[in-house]
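For reference, the structure discussed in these notes is given below.
Each value in this text was obtained by applying a stated rule to the coordinates, not by laboratory testing. Predicted model, so just to flag it, every value in this text is computed and none were measured. Cβ coordinates were reconstructed from backbone atoms using ideal geometry, including for glycine residues, and neighbour counts include every protein chain displayed.
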Amino acid sequence: MHIEQQKIPQATAKRLPLYYRFLNNLYNQGKMRVSSKELSEAVKVDSATIRRDFSYFGALGKKGYGYNVEYLLSFFRKTLDQDETTKVALIGVGNLGTAFLHYNFMKNNNTKIQFAFDTNEGKIGTEVGGVPVAHIDDLEEKIGEDISVAILTVPSSAAQGIADRLVKAGVSGILNFTPARITVPDHVRVHHIDLAVELQALVYFLKHYPLDVEENIESDEED
């Protein structure tokens with residue numbers, strides 16, 4: 001089935017990996033079918049949203065039956081390109097970068113940090129979590145054509161300069177964990193994840209939104 005990804009709302013696209021992870025767990029448990037209610041309770045997304053998300057891909061379930069777990073898993077595996085491994089570069093082997101290297105997306109076997117880069121001579125030439133650490137000066141040479149995604153865990157002052165080099169090296173996606181808002185060409189996608197901002201937002205919602213009020217913070221209205 002050919003899916004025209006540009007017609008799928010971004011909020012829906014962000015939820016697909018969540019659905020895939022849960023379905024994969026169900027499949028490993030030997031479960032053959034699942035209802036939208038069960039999915040809702042597991043992934044904390046309301047049933048109406050799940051049905052709307054799935055509707056973008058055609059008829060994935062049957063009324064009164066629910067969803068076939070194996071079929072859904074196979075469908076989303078293809079949709080999310082789970083059969084292909086995406087190689088990732090990590091820039092900045094500090095505390096956060098080191099944590100990423102040890103984790104290395106073990107639950108997502110289609111994503112793997114291939115190289116890490118830093119300026120600390122004590123780390124260069126070593127391996128962290130099985131990932132070789134190279135000098136930042138070797139970034140362009142190491143990345144080559146195989147790596148299209150990079151994770152930035154560098155000081156804010158270095159973020160833009162490193163991003164510029166990544167773009168020139170051919171990287172088309174950057175996951176930015178620095179507070180800096182980097183600027184890139186239109187053909188490059190950047191996802192900014194500022195942990196301090198996320199924490200402040202969490203504290204705000206705790207204070208102003210009672211826990212007994214069911215509200216989907218990541219509303220489809222943002223699309």
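How long are the semi-axes of the equivalent ellipsoid of segment 71-183, taking √(5λ) for every eigenvalue λ of the Cα gyration tensor, in whole Å from largest down?
25, 16, 13
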Using the Cα centre as the reference, give the magnitude of the dipole from point charges on the C-beta atoms of segment 5-79 (Lys, Arg: +1; Asp, Glu: -1; all else neutral), rounded to the nearest 20 debye. 140
Compute log10 of I(q)/I(0) for segment 5-79 with the Debye formula, placing one identical point scatterer on every Cα and leaving out solvent, at q = 0.22, 0.24 Å⁻¹, to two decimals. -1.02, -1.24
Please order L73, L90 by the number of other Cβ within 10 Å, starting at the fewest. L73, L90
